[in-house]
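K.L.:
Quick one: the structure is below, and I'll ask about it shortly.
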């Protein structure tokens, strides 16, 4: 029994058409027929009933799906294990991070961590903050870096830092020392305000802005990196955590607009969420805290 036969069988079972199976697997349709025929001979059962242009699983075929998936999964796990062994990984660390955290200097921090710990196989999953707590709780990841405080007692969390929220606009090209300071009211009333790119602070902030500047026009943009792109292209302005625009401020593609009327600006917290405080998560946390993300 060959693994390619099993892959062909599972693909055909999913799409119910040998021609489509051939297209998905980049093989010829006769090859699909041959794979299924060999598999049926090997098992001694009929796996599909042919119905005009479609194929339908037999009772035996439906039963065999479970085993075919298990065989392929076991094979993939074995390949991954041998690859890890070849690379001399002796431990794994799975991290879930929010898109907001991913947009900071975290890639730089991870690179430094992996250089220091070549034996550690690190995997990173970018996940919305609202889902990170569940992934930690369900043991899908070892640690989560989120913008939301967790709600359940079965996980622990530590505050990594609280970030000031800044009003950010496209750089006007003026010299910071000799040019006039950008005006808060002018910036907000003459540009679209790009909102809802952070899961915590926007509801309260929008109310405060509407009370002070009722003529402000707002547009929802759910992702920080898209918001920054829009700002750089001159499409609008936004209130963003300082850590997410550090590079752009240094490069001069955006500028901070001082706020005087809006005096009660929020801060944006970043939290490390863990279920088990084992040696590797504790060590990673200690390493993380040596950087100002």
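K.L.:
Order of 282, 66 from fewest to most other C-beta atoms within 10 Å?
P.N.:
66, 282
K.L.:
Please arrange 129, 28 by counting, for each residue, the other beta carbons lying within 10 Å of its beta carbon, fewest first.
P.N.:
Starting with the residue having the fewest Cβ neighbours, the order is 28, 129.
K.L.:
Quickly estimate the mean residue ellipticity at 222 nm for the chain, helices only: each DSSP H run with n ≥ 4 gives -39500 (n - 2.57), and the total goes over all residues, rounded to 500.
P.N.:
The per-residue figure over the chain is -13500 deg cm²/dmol.
K.L.:
Given springs between every Cα pair under 10 Å in a Gaussian network model of the chain, which of 170, 220, 70 has the largest fluctuation?
P.N.:
Judging by the Gaussian network model, the answer is 70.
K.L.:
A further question follows. If you rank 26, 108, 157 by fewest surrounding Cβ atoms within 10 Å, what's the result?
P.N.:
26, 108, 157
K.L.:
Hey, another quick one. Identify which of the listed values of Cα extents along the principal axes in Å was calculated from the structure shown: (1) 80, 43, 29; (2) 83, 49, 37; (3) 49, 43, 37.
P.N.:
Matching the structure shown: (2).
Any read-out appearing in this document is the output of simple, stated calculations on the displayed coordinates, not a laboratory observation. Since the model is a prediction, treat every value here as computed from it, not as a measurement. When we count neighbours, we look across all protein chains shown, and the Cβ atoms used for this are built from the backbone with ideal geometry, even at glycine.
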